[in-house]
Amino acid sequence: MGKLKKEIAGWGGMAKGETCLFRPEKIEHILRGSPLFSARGLGRSYGDASLNTGGEVILMERLNRLLSFNAENHVLKAEAGATIRDIVETFSTKGYFVPVTPGTKEATLGGCLAADAHGKNHHADGSFSDHVLEFELMLPDGTKRRVRRQDEELFYATAGGMGLTGVITEVTLKLLPVETPFIKVLNTPFESLTCLIKKLNESSDAARYSVAWLDLLSFKNDKVNSILIEGDHAKRGELPDKLKSKEAKPISIPFSFPSLALNRTTQKLFNKIYFYQQKKKGAPFFCHYNPFFYPLDRIGNWNRMYGSRGFYQYQFVVPEANAEEALRDILAHLTAARCPVYLAVLKKFGKKNPGYLSFPMEGFTLAMDIPGNQPDLFHLLCQLDLIVMKNHGRVYLAKDFHVTPDVFRAMYPDYTRFLAVKRKVDPANLIQTDLARRLRIGEQ
């Protein structure tokens, strides 16, 4: 349980900082050895949310015990370092699944609550915190609080609060009953942004899970190659006799690729092949949950494909009424700047929950992977922020590494409510991250 001084990075590889790492074996070992501290799960936030340059970072990965499960009401209690992988691999063959999952299994329950993670089913099932019944929170003075929904202020300041109200040590959530570990999937190709958005609106009323993959390298005016992917948990009676159930053998990227390996030409080729492969899948088909929810998890350290300069994932949400205009405006800016987007996914969000800093709001969200070697990237991102703000939207703090304090406050009008709670539970502002300092969160 010694401490190690080391440089760590966000998943995108662009945000980095040297910090003092501490890895406790038990919750009671969490001690305050530094005036500035924060907790970190598996480091899958893309920007600077889990960094604490010059301070102390508590690594939660060994606090990962599954504590209890009530089969009658489907309620699981686990330590906050338990991962989505731990849960789905333990319970998917027993008839249960996580009610909301991000796009990776390598995320902790504490991280999912702190970022109020969303998935392909927000329009139907909301965010991660909507299924959390209670959690245990260690405050900066070392005291523990068991926080339930009745404790509205602390619950909704912590859900989406990026770990800035305390160290989440336990999470109790309700799992989703399912009959099989398989998903019934329907892929629908589109070559028009307008038609895709219209269909996504319709899909949100019919499919539990829906997401659209977009080839933004093909974007021109309204034309863009895309695949709408819809799915739901398959029932026993509709499965074919023979169905592959094992996870594909993973591969790993042992080092960062040279910057020229992933470029506009190679990505255009990949996108074209992928589009026509998926376009051929006309009828509904069945697949294991892994390729449906976690396709990138098969590639260990896939972020290294972007090279030593890393990449930036820019994710924003805008209300439905403003969505098409905002999307076109942002894509036009990217095109004018000759800024390539190598991966893009579009989803429909349902109603916002009461989380003060929770990202999802009713409308459309677009996430885009942009290589970090683009000239004037941060200037371009600030231009995109203005478009998002003009259309009454916001960016996702779990992906962010550039937003200014003023823009953050404009995008998150409930920040003042969050700040009031933060000052109650952390009056000395001891819980710090690079994100918090950049956004001046908690400053007097």
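Under 20 °C and 1.002 mPa s, how fast does the stretch 1-123 diffuse according to Stokes-Einstein, given a Kirkwood radius computed over C-alpha pairs? Answer in µm²/s, whole number. Roughly 139 µm²/s, to the nearest whole number. Net charge within 14 Å of residue 53 by Cβ-Cβ distance, Lys/Arg positive one each and Asp/Glu negative one each, not counting residue 53 itself? In short, +1. Using a Förster radius of 30 Å, what is the FRET efficiency between residue 238 and residue 191 based on their Cβ-Cβ separation? Nearest 0.05, please. Computed FRET efficiency for residue 238 and residue 191: 0.45. Within the chain, all pairs of alpha-carbon atoms sorted by distance into 10 Å bins from zero give the percentages 4, 21, 33, 28, 13, 2, 0.
Most mobile of 380, 366, 186 per a Gaussian network model of the chain (Cα springs, under 10 Å)? So, out of 380, 366, 186, the one fluctuating most is 380.
Would you work out the relative contact order for the stretch 7-161, in percent, from Cα pairs under 8 angstrom that are 6 or more residues apart? Intermediate results must be reported in sequence, preceding the final value.
Working: 275 pairs, mean separation 25.5, N = 155.
Here the relative contact order equals 16 percent.
Cross-link partners for residue 279 among the lysines, with Cα-Cα distance under 17 Å and sequence neighbours closer than 8 places in the same chain left out: 184, 199, 223, 268. Cross-link partners among lysines for residue 6, C-alpha distance below 21 Å, same-chain residues fewer than 8 apart left out? Of all the lysines, those that pass the test against residue 6 - Cα under 21 Å, at least 8 places apart if same chain - are 16. Taking 7 Å steps out from each Cα toward its Cβ at residue 277 and residue 145 produces label points 4.9 nm apart. Whole angstrom only: what separates the Cα centroid of the stretch 389-421 from the Cα centroid of the stretch 84-98? Value for the Cα centre distance between the two parts: 34 Å.
The slack between residue 389 and residue 72, meaning 0.36 nm per residue of separation minus the straight C-alpha distance, is 109.6 nm.
For the chain, relative contact order (Cα pairs under 8 Å, six or more residues apart, normalised by length) works out to 18 percent.
Computed as a quarter of the hull surface, the mean projected area of the alpha carbon convex hull for the stretch 182-403 stands at 13.3 nm². 3J(HN,Hα) couplings calculated from phi for the stretch 82-96 with the Karplus curve 6.51 cos²θ - 1.76 cosθ + 1.60 (θ = phi - 60°) are, in sequence order, 4, 9, 4, 4, 3, 6, 5, 6, 7, 10, 5, 8, 9, x, 9 Hz; Gly and Pro show x. On the basis of the beta-carbon distance and an R0 of 56 Å, residue 29 and residue 270 show a calculated FRET efficiency of 0.80.
If you scale each eigenvalue of the Cα gyration tensor by 5 and take the root, what three semi-axes come out for the stretch 42-198, rounded to whole angstrom and sorted largest first? Over the Cα atoms of the stretch 42-198, the ellipsoid semi-axes are 28, 21, 15 Å.
Taking 1.306 mPa s as the viscosity and 10 °C as the temperature, the Stokes-Einstein diffusion coefficient of the stretch 282-363 based on its alpha-carbon Kirkwood radius rounds to 98 µm²/s.
Listed by chain and number, the aspartates and glutamates placed with their C-alpha closer than 12 angstrom to that of residue 390 are 325, 329; residues fewer than eight positions away on the same chain are left out.
We did not get these values from a lab; they are worked out from the coordinates using the rules stated. Everything quoted here is computed from the prediction, not taken from an experiment. Cβ coordinates were reconstructed from backbone atoms using ideal geometry, including for glycine residues, and neighbour counts include every protein chain displayed.
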